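Undergrad: Let me give you the structure first, and then I'll get to my questions.
Since every read-out is calculated from the coordinates, none of them should be taken as a lab result. No experiment lies behind these values; they were computed from the predicted model shown. All Cβ positions, even for glycine, are placed from backbone atoms using ideal geometry, and neighbour counts span all protein chains on display.
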Amino acid sequence: MAMKKGEQFALFDVDVPVPAPMNQEASEPQQPALFDLVDATSPEQNAESADEVVESTNHDAAVEGSGVDVSVPAHDESPSFSLPPAGESADGHAVIVTAAGTYTPSGQVLTGPVDSVEKLDKLIRWAALTPLGAPAQIWVVGIDACEMLGWVIDPGSEDDVDDMEVLRTRAAAELTGVLQATLNPMLTAGWELRGDPGHVVHLSRTTGKFTSMVDIVIEPYVWTYWNKDFGWGNRVGDMGILGSPTAGTYLPDDDLPAARELGRRLAWCATHLGVLPGPTPARTGAAVLDKIKRERTRSGKGIVVTAAGPVPPLDGEHRGDLEPAVGWTRVPDREELDDATVLVSIDQRAAYLASAGMLDFGYGKPRHLGDDDARAAAAASKTPFGLWHVTLPAGNMLALPEKMPLPHPHMLSDQPVHTWVTSVSLDALQAPVADGGIGAELDDLDITEAWVYPEQGRVLDKWARILREARKVAVDTDDAAMKRFLGACYKGYIGRMVNPDMWTAKQMQHHHQPLWRAAIIAHCRWRGRRVAMRIARETGRWPLRTVTDSWVYPLPDGVDLADESDALGKMTLEKHAALTEDLATALTDARDTHEINLAIKAVFTDGDVSDGNVVDEDEGNN
C-alpha cells in the first residue's frame, strides 16, 4: 500500500507498509539510508526562541541515498481504542523507535530497524526534529529495540532483594555504565552528553553559535529513575507520560500497540499543553509555564517572572513547610455512628490547580517591614503578598468546634504560638469561625514584622487555564492516562517550587517559588475548612479525618456531601464504603487516632467503591 503525503497508517493493521516521504521536496529521500548516509552540513536555523538553546537537528546533516524496505509484522487482531487517534501535533518534534522500525507519533513509518548506535545518530540528524517547549525527543520502546542498540542490563530479580530501591539503584548504575560504553559513536560524531546518561540521555551538538539538543528516552528503563513524581512503593508507581502499571494506565505490553499509544499521548500533550512531555511531570508543568513566559516576553503583555523567590531571611531558623497541609484524625462517639450506614471521603477537585489560577502571587525583591509598618500594611484594603510574623492564640481560648482540626496547623490547643504565615492565612485567620477562621482582629494576631513583595498578580492564571482545559478534555473523553498525568504535572510542579535543587540551571531558577506553593496550600486548606463548617451547619455532621484536601465522614443513607458544580476546587465524592458493625466497633473502640487511620485506610483500600478517580493516598485530588 503506497502512502501519500500526510497519510497515516495504524500500527496494527498494515502488512507491508511503504515509507512515506518526510517532506515535499522531490529530491529528498523517503527515509535515511542508514547504511550509506553521507554527511553534509546545511545552514543553521533558529529554534523556538533564544531562551531555549535548542535547535533543529536538521542543522547537522543532509541525507543522500535511496529508501530502505520496511516491513511491520501483521497482526491478526487490532486492539480497539475508544480514545481519539493520534494527531500530527508532535510530528517533527519526536520519533518513536521500536525493534520493527521507526515512526512519527501520528503513526507514519519512517525507517526500518535501528540496530546500531551509528544508525541512531544518522536517524536523529536526518529526522530534522525541532523542540516544542522541551528538546526534541527520541523514544526507544521495548526491550528488543534496546537489545539492538546494545543497551541491555541485568540487575537481578526483585525476588532477590528485600527493598526494591536496592534493585533500582543497581539497575540505574548499570544502565549508566552500559550507555557510557556504547555511546562513543555519537560522541565521536560531535554530540555531547549533558549529565550522566540514564533512562533519559540528554545530548547536545553545537555548530557555530547554534546548539541542537535532543533527549533519548529509553522506555523499558524509565523505572530505574526514582522521583516523587513517579512514586515508589513495593512496586513501580506512576511513570509520567508512560502511565502507571498499578493504576492500569501504563503502555500496552506489545511494542507496536505501545508505540501507537505513546504516539497518541505525545500528540495529546503537543495539542493540549503546547509542549512535549518533560522527563518528569513536574518538568512538564515547568515547560508549559516557560512557554507562556516566552510568549509574554515577545508580546510585552502579561506578567513575566524571571527570578527565583526564595524564603526571605526570617528571624530564627525556619524548619518544615511555611504552610503545612492539614493532617488530623479524631475518635468518634458511638452515637455519631448509630444512624450511619456509609463512610465517605470527599475531596476538592484539582484543588491546587484551582487555587493556582485564582491567587495573586508576589515577585520582585521583598521589603522587610517592622512593627508599625507591618501592621499598617496588613490593614490595607488588599493584603499585600508576603509573610507575616504573628502570634496564633491557644485553641482552647477560642470558641472553636471540638470536632474540627485547629484552623492553622501551627496552632496549639494549650499555648500561643509565634510563627510566620502567608497573606492567605492572615486573611483566613480574620474570617469568622463559620467561614473557616478564628474571627481574629489584627491586634489579636500581634503582627511584629513582615516581608512584602513590590509586585503581585495572577502569575499562574494562563498556566492554570491551559492545564484546566486540558484536564477537561481528558475527563470528557474518559482518558484516564492523561487525566492522571495532568494531575501529576500540576501537583508535581507546585510541590517542587519549594526545592531549589530542582531548578539549579540559570534558565530554570525562576521556578523556585516556595511562597507561591505555601500560599496555594494555605488557600486549599482554608477552602476545605469553609466547606466542612458549612456541612456541619447544614447536616450536623462532623469529619473523622482530613488529609490535605480530603475529608472523611460517617453518613446515613440519603446524605450527599458532594457539590453539584463540576468546577475545580468543589467537593467531589472520592470514595465510599459500607459502614459495617465491625467497622463501627473498630472506630469507636480505637485506642488512638493511629488505629482510626488504619481502619479507614483498610476499608477504603479493600472494600471501597470510588468514583473512578485514581488518587494518591497522601495527596488526594489536590
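Undergrad: Could you rank the peptides 250-261, 117-128 by their average count of other C-beta atoms within 10 Å per residue, with the highest value first? If you can, show how the numbers build up before the last one.
TA: Numbers: 250-261: 19.8, 117-128: 23.0.
Taking the mean over residues of other Cβ atoms within 10 Å, the ranking is 117-128, 250-261.
Undergrad: Then there's this: Measure off 7 Å from each Cα along the Cα-to-Cβ vector at ARG194 and ILE143, then give the distance between these two points in nanometres to one decimal.
TA: It is 3.1 nm.
Undergrad: Can you list the residues, at least 5 places off or on another chain, whose amide H is less than 5 Å from the amide H of GLU455, using H built in the peptide plane?
TA: TYR363
Undergrad: Also, I was wondering about something else. Over the Cα atoms of segment 358-457, what is the Rg over Rh ratio if Rh follows Kirkwood? Intermediate results must be reported in sequence, preceding the final value.
TA: On the way: Rg = 13.7 Å, Rh = 13.9 Å.
Radius of gyration over Kirkwood radius for segment 358-457 works out to 0.98.
Undergrad: Going by amide H atoms built from the backbone, whose H comes under 5 Å of the H on ASP91, apart from near neighbours?
TA: SER106
Undergrad: Around PRO500, under 14 Å between beta carbons, what's the net of Lys plus Arg minus Asp minus Glu among the other residues?
TA: +2
Undergrad: Also, I was wondering about something else. What does the highest-first list of 339-345, 475-481 look like by mean Cβ count within 10 Å?
TA: 339-345, 475-481
Undergrad: Express in whole angstrom the spacing between the alpha-carbon centres of segment 560-604 and segment 436-497.
TA: Distance between centres, Cα-based: 26 Å.
Undergrad: Still on this structure: Between segment 110-130 and segment 265-317, how many Å separate their Cα centres?
TA: About 31 Å separates the Cα centre of segment 110-130 from the one of segment 265-317.
Undergrad: Across segment 442-575, how large is the tail of the calculated P(r) beyond 21 Å, expressed as a percent of all Cα pairs?
TA: More than 21 Å apart: 59 percent of the Cα pairs in segment 442-575.
Undergrad: Give a residue-ordered list of calculated ³J(HN,Hα) values for segment 533-545 (Karplus: 6.51 cos²θ - 1.76 cosθ + 1.60, θ = phi - 60°; whole Hz; x for Gly, Pro).
TA: My calculation for segment 533-545 gives 5, 5, 4, 4, 5, 7, 10, x, 9, 10, x, 9, 7 Hz in order.
Undergrad: Let me ask something additional. Taking the Cα centroid of segment 393-428 and of segment 159-200, what is the distance between the two, rounded to the nearest whole Å?
TA: Computed from Cα coordinates, the inter-centre distance equals 49 Å.
Undergrad: Right, here's the next one. Each residue of segment 575-589 in turn: what ³J(HN,Hα) in whole Hz from Karplus with 6.51, -1.76, 1.60 and θ = phi - 60°, glycine and Pro shown as x?
TA: 8, 8, 8, 4, 8, 6, 4, 5, 5, 4, 5, 4, 6, 7, 8
Undergrad: What is the spin-label model distance, in nm, from SER157 to ARG591 if the labels are put 7 Å beyond Cα along the C-beta direction?
TA: 4.0 nm
Undergrad: Take peptides 358-365, 542-549, 239-246, 589-596 and line them up by average Cβ neighbours within 10 Å, highest first, as a rough protection proxy.
TA: Result, highest mean Cβ count within 10 Å first: 542-549, 239-246, 358-365, 589-596.
Undergrad: List the lysines whose Cα sits under 30 Å from the Cα of LYS575, skipping any in the same chain fewer than 8 residues away.
TA: Cα-Cα hits under 30 Å: LYS228, LYS403, LYS472, LYS483, LYS491, LYS601.
Undergrad: Still on this structure, I have one more. Please list, in order along segment 419-426, the HN-Hα scalar couplings obtained from phi with the Karplus expression 6.51 cos²θ - 1.76 cosθ + 1.60 (θ = phi - 60°), rounded to whole Hz, x for Gly and Pro.
TA: 7, 9, 9, 7, 4, 4, 5, 4
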